[in-house]
Amino acid sequence: MRNAIEFEVYGNYALFTDPLTKLGGEKLSYQVPTYQAIKGIVESIYWKPTLIMIVDEIRVMNAIRMESKGIRPIEYGGGNTLANYTYLKDVRYQVRAHFEFNLNRPDLAHDRNEHKHHNILKRSLKAGGRRDIFLGARECQGYVEPCEFGSGDGFYDGYGEIHLGNMVHGINYPDETGRDQMEVRLWIPKMKDGYIKFDRPEDCPQVRVISEMKPKHFDENNVESVDDLFAQMEGGEAL
């Protein structure tokens, strides 16, 4: 697929939760990452408002295992409390994703150089990403490296179908939908032989409005052009 990357992401722990449970209390990870969590990892590798990152498919490489820990998170009113967080343990996923231009950003039409964006994306992946990689929570450090999607042995090879129930798919932001509101998407995924093919965001069957929201303003003053960034790379500056 054009503009695509394939990579592995892995780490000791992961915490992929329903965003509605982010504020305090006990936390329990989903069995597999949400579309939004993987999209966030792709955007940590490389992102600009000119682009929309689309996650096509993931492959779960390791057995799904969980471990609970006693955590003392800081309360919003001050002080600490005691809570149990249940993490996924020893996670490894293969990911296939690509980018498309954000047509809701006509003000950034001058930044739509497909060849340069794709080359920066691939180089950023080889460097381990332009920002830190987190597996659902900041305490869960992750790492990325290029791979051939589908290569190697996975724990769920030949396992058949596993139905994962109703899950959050992701969040719709005004920048990517053209609607002045934040929305949450829900879907019912299934994993077959370790593979999960994601619905595109606009194809999700359930969408709920969370709040009114305006898109963030971007222009040439707060967005570095792809031409300048590509020139920096050619000049040998680090990603």
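Coordinate-derived values only; no laboratory data. Quick caveat: nothing in here was measured; it's all calculated off a predicted structure. FYI the Cβ positions are ideal-geometry reconstructions off the backbone, even for glycines, and counts take in every protein chain you see.
Quick one: what does P(r) look like for region 72-182 with 5 Å bins over all Cα pairs, in whole %?
2, 7, 10, 14, 16, 18, 14, 10, 7, 2, 0
Among ALA97, ALA83, ALA37, whose mean-square fluctuation peaks in a Gaussian network model of the chain (Cα, cutoff 10 Å)?
ALA83
What does the charge add up to near GLU67, with Lys and Arg as +1, Asp and Glu as -1, over the other residues with Cβ less than 11 Å from its Cβ?
Here the charged neighbours net out to +2.
Quick one: which residues, 5 or more positions from LEU51 or on another chain, have an amide H under 5 Å from its amide H? H modelled 1.01 Å from N in the peptide plane, none for Pro or chain starts.
Those qualifying (amide H under 5 Å, at least 5 residues apart or on another chain) are ASN102.
Over all directions, the average projected area of the alpha-carbon convex hull for region 139-224 comes to how many nm²?
9.2
Quote the FRET efficiency, to the nearest 0.05, computed for SER151 versus HIS115 with a Förster distance R0 of 25 Å and r equal to the Cβ-Cβ distance.
The calculated FRET efficiency here is 0.45.
Plugging the Kirkwood radius over Cα pairs into Stokes-Einstein for the chain, at a temperature of 20 °C and a viscosity of 1.002 mPa s, what D comes out in µm²/s?
Diffusion coefficient, whole number: 112 µm²/s.
Check the straight Cα-Cα distances from LYS39 and name the lysines below 22 Å, setting aside those fewer than 8 residues away within the same chain.
LYS22, LYS27, LYS48, LYS89, LYS116, LYS122, LYS126, LYS190, LYS192, LYS197, LYS214, LYS216
With label points built 7 Å along Cα→Cβ from the Cα atoms of GLU67 and LEU28, find their separation and express it in nm.
The answer from the label model is 2.0 nm.
Tell me, Kirkwood radius of region 179-239 from alpha-carbon pair distances, in Å?
15.9
Where does the charge balance sit around ASP180 when Lys and Arg score +1, Asp and Glu -1, over other residues with C-beta under 13 Å from its C-beta?
-1
Can you tell me the order of 126-133, 145-152, 12-19 when each peptide is scored by its average per-residue count of other Cβ atoms within 10 angstrom, highest first?
Going from most to least packed, we get 12-19, 126-133, 145-152.
In region 1-92, which GluC sites (Glu not before Pro) fall in coil by DSSP and have 15 or fewer other Cβ atoms within 10 Å?
Sparse-neighbourhood loop GluC sites (Glu not before Pro): GLU26, GLU75.
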